[in-house]
1. Calculate the spin-label point distance for Lys381 paired with Cys193, positioning each point 7 Å from the Cα along the beta-carbon direction, and give it in nanometres.
2. Could you size up the charge dipole of region 251-327 around its Cα centre, putting +1 on the beta carbon of Lys and Arg and -1 on that of Asp and Glu, and report it in debye to the nearest 20?
3. For region 386-454, what does the alpha-carbon gyration tensor say about shape, rounded, prolate or oblate, given a ≥ b ≥ c as the root eigenvalues, a/c under 1.5 as rounded, and a/b over b/c as prolate?
4. Measure up Lys119/Lys421; Lys298/Lys421; Lys92/Lys188; Lys119/Lys313; Lys38/Lys119; Lys51/Lys313 against 30 Å on the Cα-Cα distance and list the ones that go over.
5. Could you tell me which of Gly318, Gly389, Gln340 has its Cα farthest along the dipole of the chain towards the positive end, charges placed at Cβ (Lys, Arg +1; Asp, Glu -1), taken about the Cα centre?
6. Name the shape class, rounded, prolate or oblate, that the alpha-carbon gyration tensor gives for region 183-259, where a ≥ b ≥ c are the square roots of its eigenvalues, rounded holds for a/c under 1.5, and otherwise prolate holds if a/b is larger than b/c and oblate otherwise.
7. Roughly how tilted is helix 222-233, in degrees to the nearest 10 and between 0 and 90, from the longest Cα axis of the chain?
8. Highest first, please rank the peptides 97-104, 179-186 by the mean number of other Cβ atoms sitting within 10 Å of their residues.
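Every number in this text was worked out from the coordinates using simple rules, so none of it is lab data. Just so it is clear, the model here is predicted, and its values are computed rather than measured. Every residue, glycine as well, gets a Cβ built from its backbone with ideal geometry; the counts of neighbours run over all protein chains shown.
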Amino acid sequence: MDLGTVSQIIEPLASTTLELSQMPQIEPNAPVLRIIGKAPLSGHVPISGAKNSILALMAGTLLSSEGCRIRNVPNLADVERMSDILETLGVKISRTDEVLDLDTSNLTTNSAPYELVSKMRASFFALGSLLARLGSAKMPLPGGCAIGARPVELHVRGLQALGADVQIEHGIVIAHAKSRNGRLQGAKIYLDCPSVGATETLMMAATLAEGQTIIENAAQEPEVIDLADLCIAMGAQIHGAGTNTIIIDGVDRLHFADFTAIPDRIEAATFMVAAAITRSTLSMSPVVPAHLTAAISKLQDIGVTVQIDAPDKITVIGGDRYRAVDIETLPYPGFPTDMQAQFMALLTICEGNGVVTETVFENRLQHVAELNRMGANIRLKNNVAVVTGVPQLSGAPVMATDLRASAALVIAGLAADGETKVMGLHHLDRGYDRIEEKLRNVGAKLYRTIETVNA
Ligand code: UD1
């Protein structure tokens, strides 16, 4: 897009009452998303494949000595990064539209590069599949993350239980199977908390182990089921994925599979909130309504109408008046931490007080300051935010601090009076497939541009 044209389209800019010194600084030449609020939305939004599934599925393909085809792969920076990591391990990858072909027949190294793993936590989950396939693996610790410390000791302890020697040297996890034949050994593993990543790492590792593995207090997220389904399609013996006890009977090898990832429930929930906050009607498909139970229930409590039109399609109909609700994030099937920021954006315009309690990640409320910048009334103490509804948000320059926070700010911008400039777009690009195009197609007014001066 011609940036000169963009500036012309969106002038004149809305004024803001904030002092320059309070405003987020625009990084030179970094893209900025400019949103003109209050445009009514209507129409249909196509939902892409689930980011969190795809990343785990890509790690899972390392288990197959014949390669894999994965369908419904979204266009995301995280998918590109994961592809780069797999390619350094010797995987040959080709992509046509939403189909990813991965030739995993010849892995050339057991060692993943620090520069890439440190940028994306999910790549660490490949430790389990790499170790199971090769009998040894070296994986840099994932970098710290804006939303919390996110340790990996559950992954490490679980792999040790499966008969791996695991050492951490100079920030690199070095693991090898202790048995003479280089295979992991089935074991009973209890997870202190139902970590999604640890469940996935250990489930993958156990598919090629000798004997039976039982993972107790396992994560029950749909993405765990999707990964189990891929492994089963490759010949693994897995029972109970989606419950808190997963039983894996190890097999000697896994083969080719052609697999389609589930739709992204977090992306769908984000568009559901976009419809609600703009008091618009949007339909979306494909979705799995059962994966959205927590989001649908909260929207209905707020006063939003949600219709399930078909087994894979829902319509969200916004209303005139919304009442505040309390939200507490929990492991699935509780309310997802990945939807907390977007729902907080909606709560800012609900009548009354809503209490948002973040229990999964200790530092995942950084969007509070940015929403307040847009006129929201949110008080924060530790992991609890009290959101008092205001009649109207007002557009402002804001900084995205993590992936879901960036979506929340975009959503808030859609409903705000005047113009919102969202910065820190690399977060948004990690996890939302063509979000601007999808929003523009249903009537939103937003443009990405490059600016070289402060807002
Ligand atoms: C996954 C999702 C992320 C989502 C999160 C929770 C992917 C790629 N990412 O992240 O979008 O927000 O689940 O639904 O699927 N923990 C430990 N020790 C460990 C591992 C985790 O204490 O060894 C803690 C974490 O610090 C956190 C909690 O467990 O407090 C849940 O984290 P976890 O489920 O592991 O999240 P991820 O798998 O990293």
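1. 2.2
2. Numbers: 7 positive and 9 negative charges, 57 e Å.
Using Cβ point charges on Lys, Arg, Asp and Glu, region 251-327 gives about 280 debye.
3. Details: a/c = 1.34, a/b = 1.28, b/c = 1.05.
Cα axes put region 386-454 in the rounded bin.
4. Lys92/Lys188; Lys119/Lys313; Lys38/Lys119, as the Cα separations exceed 30 Å there.
5. The residue sitting farthest along the positive end of the dipole is Gly389.
6. Numbers: a/c = 2.11, a/b = 1.20, b/c = 1.75.
Oblate is the answer for region 183-259, as a/c is 1.5 or above yet b/c matches or exceeds a/b.
7. So the helix axis and the longest Cα principal axis differ by about 40 degrees.
8. Numbers: 97-104: 17.8, 179-186: 15.9.
Top of the packing list down: 97-104, 179-186.
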